[in-house]
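Novice: Structure incoming, see below.
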Amino acid sequence: MKLSVIVPVLDVAATLPAQLEALGAQDHDGDWEIIIADNGSVDGTLELARSAAKANPRVTVVTGPTGMTRSVGAARNLGMRHATGDAVAFCDGDDVVARGWVRAVVEGLAAHPAVTGPLDYDPLNPPWLRGARGAVGVDQCPMFDGVFPFMNGANLAVRGDVVDAVGYFDERRGAEDIEFALRLFDNGYAVGFCPDMVVHYRLRAELATNWRQARAYGAGRRGIRRCLRERGLDAQGPKWRNALWLARRLPSIRTRGGRYRWTWVLGNLLGETLGRAELSGTAR
């Protein structure tokens, strides 16, 4: 099986070299390629990517047309349209895949139609930031409202025949990775969890960026819940107990970590209640 690893990028010149170095150090001896899908970068990302392609024949750089939708879903789809593999895997230009990630992807897809793995917060984030965002599960797929398993777009892979059956990512939606997983669920495709398919995930440390991402996440979940209701499935509403949590934890904003956590919870809650589900996919 040939694997196409797609890296959607937008203005990640500061972090892309680390991801490309990690991909270049993979220990998989099989047939695989790296496709960097640029979505209109203006900070030197495209130049870095093209330099990497000159140095490594495994790397291809593709760019979208003028007027291309500015969303991570659109960039992933751009990469898929240029992929030559039998399966596609996705990682982001501001994270770092662990050694053995590609091998774990290929082994996982031999047993499952789609796979995901752990997101590791430890290597790329300071302790205060890891504590503010909390731990993430490392031994199973996350579940959306207890209804279906989903994958984070920063660490997922799927066989090509499955993509043919369910379609590409929704380019005009937040939580496009969760909506893609919902279509897998609709079509009876199980998602496998591969413990060795590890991505070192970079959190957003800036308060304003954290706020925008939280709003986008919340709005995306609102859209997914609407999809569930349309299917006659039980969908939870916004977690109003978070409003009580915000009131009780207001004094915590005196600390950097407290402000970050408080802003994250508030942004998610507002996104779930007031945000638009469309065109919020530019934040992961």
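The values are calculated or read from the model by the stated rules, or taken from the named source; none is laboratory data. Every value quoted in this text rests on a predicted model; they were computed, and no experiment measured them. Reconstructed Cβ throughout: ideal geometry from the backbone, glycine too, with neighbour counts over all protein chains shown. Heads up: the accessible areas ignore ligands, DNA and RNA and are worked out on the full protein's heavy atoms, side chains in. Shrake-Rupley method; radii C 1.70, N 1.55, O 1.52, S 1.80 Å.
Novice: Calculate log10 I(q)/I(0) of the range 143-218 for q = 0.12, 0.19, 0.28 Å⁻¹, where I(q) comes from the Debye formula with a single equal point scatterer on each Cα and nothing for solvent.
Specialist: -0.40, -0.94, -1.40
Novice: Hey, what number do you get for the chain at 222 nm if only DSSP H runs of n ≥ 4 count, each worth -39500 (n - 2.57), divided across all residues, to the nearest 500? Don't skip to the answer; put the middle values down first.
Specialist: Values: 10 runs with 116 residues, N = 284.
It lands at -12500 deg cm²/dmol.
Novice: Given the peptides 158-169, 143-154, arrange them by the average over their residues of other C-beta atoms within 10 Å, most packed first.
Specialist: Values: 158-169: 16.6, 143-154: 18.3.
The peptides rank, most packed first, as 143-154, 158-169.
Novice: Which cross-chain or sequence-distant (5 or more) residues have an amide H under 5 Å from the amide H of Phe144, H modelled 1.01 Å from N in plane?
Specialist: Phe150
Novice: Starting from the Kirkwood Rh over alpha-carbon pairs, what translational D in µm² s⁻¹ does the range 1-96 have by Stokes-Einstein at 4 °C and 1.567 mPa s? Intermediate results must be reported in sequence, preceding the final value.
Specialist: Details: Rh = 13.1 Å.
This corresponds to a translational diffusion coefficient of 99 µm²/s.
Novice: Hey, what's the range 58-133 come to in accessible area per residue, 1.4 Å probe, Å²?
Specialist: Working: 2790 Å² over 76 residues.
Per-residue value: 37 Å².
Novice: Starting from the amide H of Arg173, placed 1.01 Å from N in the peptide plane, find each other amide H under 5 Å away whose residue is 5 or more places distant or on another chain.
Specialist: Sorted by chain and number, the residues that satisfy this are Leu279, Ser280, Gly281.
Novice: Could you work out how far helix 176-186 tilts from the main Cα principal axis of the chain, as a 0 to 90 degree angle to the nearest 10?
Specialist: 80 degrees
Novice: If you average 1/r over every pair of different alpha-carbon atoms in the chain and take one over that average, what Kirkwood value in Å do you get?
Specialist: Hydrodynamic radius (Kirkwood, Cα pairs) of the chain is 19.3 Å.
Novice: Let me ask something additional. Kirkwood hydrodynamic radius of the range 116-163 from all distinct Cα pairs, in Å? Write out the running numbers ahead of the final one.
Specialist: Values: mean 1/r = 0.0790 Å⁻¹.
Computed over the range 116-163, the radius equals 12.7 Å.
Novice: Expressed as an acute angle from 0 to 90° and rounded to the nearest 10, what is the orientation of the C-alpha long axis of helix 45-55 relative to the principal long axis of the chain?
Specialist: 30 degrees
Novice: Using θ = phi - 60° and the Karplus form 6.51 cos²θ - 1.76 cosθ + 1.60, what ³J(HN,Hα) does each residue of the range 166-172 get, whole Hz, x for Gly and Pro?
Specialist: Values per residue, Gly and Pro as x: 9, x, 7, 6, 6, 7, 10 Hz.
Novice: Let me ask something else. Take every DSSP beta bridge with both residues inside the chain and express the antiparallel ones as a percent of the total, to the nearest 5. Before the final figure, lay out each step's value.
Specialist: Working: 12 of 33 bridges.
In the chain, approximately 35 percent of DSSP beta bridges are antiparallel ones.
Novice: Return the long-range amide H neighbours of Ala13 (sequence gap of 5 or more, or a different chain), with a cut-off of under 5 Å between placed amide H atoms.
Specialist: Thr45
Novice: Another question, if that's okay. Loop-only trypsin sites (Lys or Arg not before Pro) in the range 185-237, please: DSSP not H, G, I, E or B, and at most 15 other Cβ atoms within 10 Å.
Specialist: Values: sites: Arg202, Arg204, Arg212, Arg215, Arg221, Arg222, Arg225, Arg226, Arg229, Arg231; in loops: Arg202, Arg204, Arg231.
Answer by residue number: Arg231.
Novice: With a cut-off of at most 16 other beta carbons within 10 Å, and DSSP calling the residue loop, which trypsin sites (Lys or Arg not before Pro) in the range 42-71 qualify? Please list them.
Specialist: Numbers: sites: Arg50, Lys54, Arg58, Arg70; in loops: Arg58, Arg70.
For trypsin sites (Lys or Arg not before Pro) across the range 42-71 that sit outside H, G, I, E and B with at most 16 neighbouring Cβ atoms in 10 Å, the list reads Arg58, Arg70.
Novice: For helix 207-230, report the angle its Cα long axis makes with the longest principal axis of the Cα atoms of the chain; keep it between 0 and 90° and round to the nearest 10°.
Specialist: On a 0 to 90 degree scale, this one is about 90.
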